[in-house]
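Report on the structure given below.
The values are calculated or read from the model by the stated rules, or taken from the named source; none is laboratory data. Quick caveat: nothing in here was measured; it's all calculated off a predicted structure. Using ideal geometry, Cβ is built from the backbone for each residue, glycine included, and neighbour counts are taken over all protein chains shown.
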Amino acid sequence: MTSSTSRADRPTWVVLGRTDVGQVAAALLDADGAELSQLTMAASGFAVWVRGLEAEHAPRWVWNDAPAWYADLLAAGVRIARCHDLRLCHAILRASALVTDAAAIRAAPAWDAAPHVAAEESVPALFEWEGDAVAQRLGPPAGFEEAVAEFARQRAAISSSTDPGRLRLLTAAESAGALIAEEMRAAGLPWDAATHDRILTEMLGERPAAGGPPSKLASAADRVRAALGDPAAGLDSQPKLLRALHRAGVMVESTSRWELAEQRHPVIEPLLEYKKLSRLQSANGWTWLAEWVQDGRFRPVYVPGGVVTGRWASSGGGALQLPRQLRDAVRADAGWRLIVADVAQLEPRVLAAMAGDTALADAARGRDLYAGIVDSGAVATRQEAKIAILGAMYGATTGESGRLVPRLRRIYPRAMALVDDAARVGEDGGLVSTWLGRTSPGPSEGWSNVQSRATEADASGAEETRARRWARDRGRFTRNFVVQGTAAEWALAWMADLRTRLAAMPPVEPADAAALSGPAFARHPHLAFFLHDEVIVHAPEAHAEAAAQAVQDAAATAARLLFGDFPIDFPLDVRIARSARKD
DNA sequence: TCCCGTGGCGCG
DNA sequence: AAAGCGCGCCACGGGA
């Protein structure tokens, strides 16, 4: 390791990148972004160096892409407190309406990279890199000079924006999410394959050794074919199934569950059963179990910022679609517990706070926001309140939901004005932003063409109708964007604070952790799963109560961080249990 | 043979 | 029941 200048004095930021010769370079910056020192080192010594600096200063590590760097650091036993993910923050800043001069950011399109994809096995690990393999491993610009330049652009964009505080919070939260996603992947979700197998066997029947469908699935198929009077009916092909139904006199337009359920015919019951079992088999059956659960852990690939609203997406394993039926297979290790926590009605609470709607915030006080709405007299029943609120946030215009929404408009004018305004802006082709400044994408070229065409004198009625429909579609998107996106920001702030609290708790002794195969940080209570408004923490039994309290405390912190003193509750349902089963 | 659009359904 | 938003994955089938 060589240092090009004098020893650093407590760097706030450490910008990382590789150099042409395949080494890691680091620029140590003070809080103002002024360079304190710069150094390069052999990749083989990188993890140890990070560990040392982290213990001294816990700087914010600035890198092009968290998965590319952090997965290998975790594998080397090094956990960090904070980072700045240039790729994720670039995506936010290039589009944010709060950024008044985005020209420099937008002039660096190399940073508009797709989310990192897990490296192929054949690509050397970060610390074994040589030559071009590094580029494959690191994805978007991995070079040191590019990282330094992009970080300077991002700092300038934030500090000259109309609200640097919000963008600092948003970029910090987004970057914390990137760390959490990698840590959750490394730790994995504790998964009991034997329980999963038992559930599959109970529902699908015994699995034939020779392959072929399990017994209960096969018997459901037989009953369907018998009821259709068609021993050869194809059940897995929608067109074939539809034709077979028509031949049997079931005149449906689709084979979807809800339409089938309206029919009265002997085929309906076994067909719905077959579809349910078939879905379980193909989505989360034995093949899924063998592919995705190893050593008692399900390791999904989370994609932070993968949804335009800022929600996370996932890639592989269907991590965000785990069916409730299988939650009993999520099992704490021996001597450990799961803390399963979700926020009750996160989105309407976020809406109340964003809009400063004290009437809706009053209704939200306490456990059940929908009960509060009933108490306000807006609607008669809890079910109506739920339908009305969902309709308000999603833009329902028809049916019961569309009928109930106007009642909310009278009782909660500020909250409704916020979503109605967002919809109007979207219909006009404009941009909307979340509370912290994540801005929606603009309309597509095709959308704009359709709109301008419809305004021309010789536009046909069909063209005008289509333009109106597309405008309404976009209005529903922007209406929901502000709420869904701000809820995602709240959830990121919640998790980021929770992560810090959990990491500060004592780890189990290595002797007690002999059976644990995971990374070192997973000897502490740690996040194991996240799904929009729910987290699962895996914690040693002795720390389970403290971890549950940390989940609560973090929610209070998130509320204060985003909404200051505005009086809005975010009540949690928190359970400490051995399994994640919901009753 | 592979790619892509569609229907359907799991999650929030 | 869906409706009204955001996703990912599977199976199928048609086209390249």
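Which of the residues spanning the stretch A:153-172 are small (Gly, Ala, Ser) and in contact with a strand residue (DSSP E or B) (Cβ under 9 Å, 6 or more places away or on another chain)?
Listed by number, the list holds a single entry, A:172.
Can you pull out the residues in the stretch A:184-198 that are more than 14 Å from the chain's Cα centre (by Cα) and assigned to a helix (DSSP H, G or I)?
If the condition is that a residue be more than 14 Å from the chain's Cα centre (by Cα) and assigned to a helix (DSSP H, G or I), then A:186, A:187, A:193, A:194, A:195, A:196, A:197, A:198 are the ones that fit.
Filter the stretch A:21-37 for residues that are assigned to a loop (DSSP other than H, G, I, E, B) and without any contact (Cβ under 8 Å) to a residue 40 or more places away in the chain; which is surrounded by the most Cβ atoms within 10 Å (Cβ to Cβ)?
Narrowing the stretch A:21-37 to residues assigned to a loop (DSSP other than H, G, I, E, B): A:21-23, A:30-34.
Next, from what is left, pick out any that are without any contact (Cβ under 8 Å) to a residue 40 or more places away in the chain: A:21, A:23, A:30-32, A:34.
Working: A:21: 9, A:23: 20, A:30: 14, A:31: 10, A:32: 9, A:34: 8.
Out of the qualifying residues, it is A:23.
Can you say whether residue A:167 is at pLDDT 95 or above and either within 23 Å of the chain's Cα centre (by Cα) or closer than 27 Å to residue A:532 by Cβ (or both), as far as the supplied structure shows?
For residue A:167, the condition - at pLDDT 95 or above and either within 23 Å of the chain's Cα centre (by Cα) or closer than 27 Å to residue A:532 by Cβ (or both) - is met.
Could you check how many residues of the stretch A:297-333 are polar (S, T, N, Q), within 14 Å of DNA strand C (Cβ to nearest atom) and outside any loop (DSSP other than H, G, I, E, B)?
Of the residues in the stretch A:297-333, 2 are polar (S, T, N, Q), within 14 Å of DNA strand C (Cβ to nearest atom) and outside any loop (DSSP other than H, G, I, E, B).
Take the residues in the stretch A:217-236 that are more than 12 Å from DNA strand C (Cβ to nearest atom) and acidic (Asp, Glu); name whichever of them is surrounded by the most Cβ atoms within 10 Å (Cβ to Cβ).
A:230
When you go through A:213, A:239 one by one, which is the residue that is more than 14 Å from DNA strand B (Cβ to nearest atom) and not basic (Lys, Arg)?
Within the list A:213, A:239, the selection yields A:213.
May I ask you to list the residues in the stretch A:367-382 that are part of a loop (DSSP other than H, G, I, E, B) and touching a residue at least 24 places away in the same chain (Cβ under 8 Å)?
Once the filter is applied, which keeps residues that are part of a loop (DSSP other than H, G, I, E, B) and touching a residue at least 24 places away in the same chain (Cβ under 8 Å), the stretch A:367-382 yields A:367, A:368, A:377, A:378, A:379.
Go through the residues of the stretch A:306-327 one by one and say whether even a single one is away from DNA strand B (no atom under 16 Å from the Cβ) and surrounded by 16 or more Cβ atoms within 10 Å (Cβ to Cβ).
Within the stretch A:306-327, none of the residues are away from DNA strand B (no atom under 16 Å from the Cβ) and surrounded by 16 or more Cβ atoms within 10 Å (Cβ to Cβ).
Are any residues in the stretch A:242-271 part of a helix (DSSP H, G or I), more than 8 Å from DNA strand B (Cβ to nearest atom), closer than 16 Å to residue A:225 by Cα and not β-branched (Val, Ile, Thr), and if so, which ones?
Hits for the stretch A:242-271 are A:243, A:244, A:245, A:246, A:247, A:269, A:270, A:271.
Identify the single condition in (1) closer than 14 Å to residue A:345 by Cβ; (2) touching a Ser or Thr at 6+ places or on another chain (Cβ under 9 Å); (3) away from DNA strand C (no atom under 11 Å from the Cβ) that residue A:373 does not satisfy, given that it satisfies every other one.
(2)
Confirm whether residue A:469 is in contact with a Pro (Cβ under 7 Å, 6 or more places away or on another chain), part of a helix (DSSP H, G or I) and within 20 Å of residue A:420 (Cα to Cα).
No; evaluated as a whole, the condition is false for this residue.
In this structure, does residue A:61 turn out to be modelled with pLDDT of 95 or more and aromatic (Phe, Trp, Tyr)?
The answer is yes for residue A:61.
Which numbered condition in (1) closer than 30 Å to residue A:88 by Cβ; (2) part of a helix (DSSP H, G or I); (3) modelled with pLDDT of 95 or more; (4) more than 16 Å from DNA strand B (Cβ to nearest atom) is the only one that residue A:359 fails?
(1) is the only condition that residue A:359 fails.
Residue by residue through the stretch A:237-277, note down the ones that are touching a residue at least 40 places away in the same chain (Cβ under 8 Å) and either within 20 Å of residue A:205 (Cβ to Cβ) or within 10 Å of DNA strand C (Cβ to nearest atom) (or both).
Passing the criteria: A:270, A:271, A:273, A:274, A:277.
This table checks each residue for (1) assigned by TED's automatic domain parsing to the domain that holds residue A:279; (2) within 17 Å of the chain's Cα centre (by Cα); (3) not in a helix (DSSP H, G or I).
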| residue | (1), (2), (3) |
| --- | --- |
| A:148 | no, no, no |
| A:155 | no, no, no |
| A:171 | no, yes, no |
| A:182 | no, yes, no |
| A:200 | yes, no, no |
| A:207 | yes, no, yes |
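Conditions (1) among the charged types (D, E, K, R); (2) crowded, with 19+ Cβ neighbours inside 10 Å, marked per residue:
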| residue | (1), (2) |
| --- | --- |
| A:430 | no, no |
| A:434 | no, yes |
| A:452 | no, no |
| A:455 | no, no |
| A:489 | yes, yes |
| A:505 | no, no |
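Condition check: under 16 Å from the mean Cα position of the chain (by Cα), more than 25 Å from residue A:326 (Cα to Cα) and crowded, with 17+ Cβ neighbours inside 10 Å. Does residue A:493 satisfy that?
Judged against the criteria, residue A:493 is a match.
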